[in-house]
Amino acid sequence: DLQQIEVLKGPQGALYGRNASAGVVVITTKEPADDFEGKVSFGYGSWNSPEANAAVGGAIIPSILDFRISASFTGTDGPYTNIMTGDKTHRYQEFSGRARLLFTPNERFRADLIIAAMHGNGTQASFIPKVVGTVIHGIPVNDVSNNDNIDIPLVTDVSSFYTQDITSVSLKMGYQFDGFELTSIGAWSTSEEPMSSKNFPYSNPTDRSTD
């Protein structure tokens, strides 16, 4: 549900803080407006990779209070399978949504409230064994110098998982006085990313304390 994307090269610390020393990608979403509109799109790709996006917006009180709601889903199983657990090594699903209210009771005052949330889940990791002499699914490991050799199956003896939950709320308010503008910006966000995996065969496959 994008309005535009800006790519700013070079240091941008004056406007975007000290972590913008190499540049900034500014993603601007569509603002709520009086005109009612909506859209839905679907897609499907290789390795069971569905995608869906939807957005709807319009006026609650024309010229005073407008809304816009958007949501998306994307997922994939990925091309690789852990031969020991049957897990899809690159499996990942992501659900996200955003609600936005724009309050403009007059030409001088403007308030913009955004509430957004995202939930993702998938598998965390599998490994290509790097121990010479190991036999994996009938394939001996003789050369450990090539990290790109995927003829050796991916393995780990414990099913892994990865989840991510992000919630954010922001409120921007501005008032245009004669000769200057006063702006207030407040934001809150929280993120949780629990994960679990095991590096096999480097650790004892009967020891689950490294989960």
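Values quoted throughout were computed directly from the atomic coordinates according to the rules given, and no laboratory measurement underlies them. Keep in mind that what you see is a predicted model, and the values were worked out from it rather than measured.
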Report, ordered by chain and residue number, the lysines lying within cross-link reach of Lys30, taken as a straight Cα distance under 16 Å and ignoring same-chain residues fewer than 8 apart. Lys39, Lys172
For the range 37-118, what does the convex hull of the Cα positions come to per residue, in cubic angstrom? 92 Å³
Excluding residues on the same chain fewer than 8 positions from Lys88, give the lysines whose Cα lies under 27 Å from its Cα. Lys130, Lys198
